[in-house]
1. Hey, fewest Cβ within 10 Å first, where do V117, V2, V28, V108 land in order?
2. Ranked by Cβ crowding within 10 angstrom, fewest neighbours first, how are R87, R76 ordered?
3. Pop out the ³J(HN,Hα) list for region 82-88 in order, Karplus 6.51 cos²θ - 1.76 cosθ + 1.60 with θ = phi - 60°, rounded to Hz; leave Gly and Pro as x.
4. According to a simple spin-label model (label point 7 Å from Cα along Cα-to-Cβ), what is the distance in nm between L81 and L19?
5. Taking H as built 1.01 Å from N, whose amide H comes closer than 5 Å to the amide H of V13, not counting residues under 5 places away?
6. Under the Karplus relation 6.51 cos²θ - 1.76 cosθ + 1.60, θ = phi - 60°, what is the ordered set of whole-Hz ³J(HN,Hα) values for region 36-52, x standing for Gly and Pro?
7. Given the Cα-Cα distance of K37 and V108 and 0.36 nm per residue of separation, how much length would full extension add, in nm?
8. Using the Karplus equation 6.51 cos²θ - 1.76 cosθ + 1.60 (θ = phi - 60°), what ³J(HN,Hα) coupling, rounded to whole Hz, does each residue of region 97-105 give in order, writing x for Gly and Pro?
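Any read-out appearing in this document is the output of simple, stated calculations on the displayed coordinates, not a laboratory observation. All of these numbers come straight from a predicted model, not from anything done at the bench. Cβ placement follows ideal geometry from the backbone for every residue including glycine, while neighbour counts extend to all protein chains displayed.
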Amino acid sequence: KVKHPLRVYHPNVSTALSLYTFIHFAYVLIQYSAVLKYSKNYSVVALLLYSIILIYTLQTFGAIFDQKKNALHYERFRLILMLLLPRLTLIKSLFLLQTHLIIQIAIVLSIFATFFVPQVSTLTKNVPLKKE
């Protein structure tokens, strides 16, 4: 049974966390387009592992916006993976962007940021109701 009025999905995520997620999503998109451009050069196993990491990344962003209890823990784990994965020989070339010092510093700063960025917005947003 559907009860009316329906509450429209409207995540109450802080602006800082929204901006943080947008920047990381843009970075993932840039990295994905680089991998896609040179996908013929990679083994099937490497591309499969990269696909799994990409899906995990998108699930983490979804968990952040759905305000899951452990979302920021998932994000910290993802960032640690981004630091460690370029060191694996099998998929090293997939993560060339992460080998740059500036990117590594940004990832470490992002890990620290997850401890200080509020997950829920302090402003109360009016969530619209959808009538029948």
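1. Ascending number of Cβ neighbours within 10 Å: V2, V108, V28, V117.
2. Going from sparsest to densest Cβ surroundings: R87, R76.
3. Couplings: 5, 7, 8, 4, x, 8, 7 Hz.
4. About 2.7 nm, to one decimal.
5. Distant-sequence amide H within range of V13: S121.
6. Per-residue couplings from phi come out as 4, 4, 10, 4, 5, 7, 9, 6, 4, 5, 5, 5, 5, 4, 5, 4, 4 Hz.
7. Result for the pair: 22.8 nm of gain on full extension.
8. These are the phi-based 3J(HN,Hα) values: 4, 6, 7, 6, 4, 4, 5, 5, 5 Hz.
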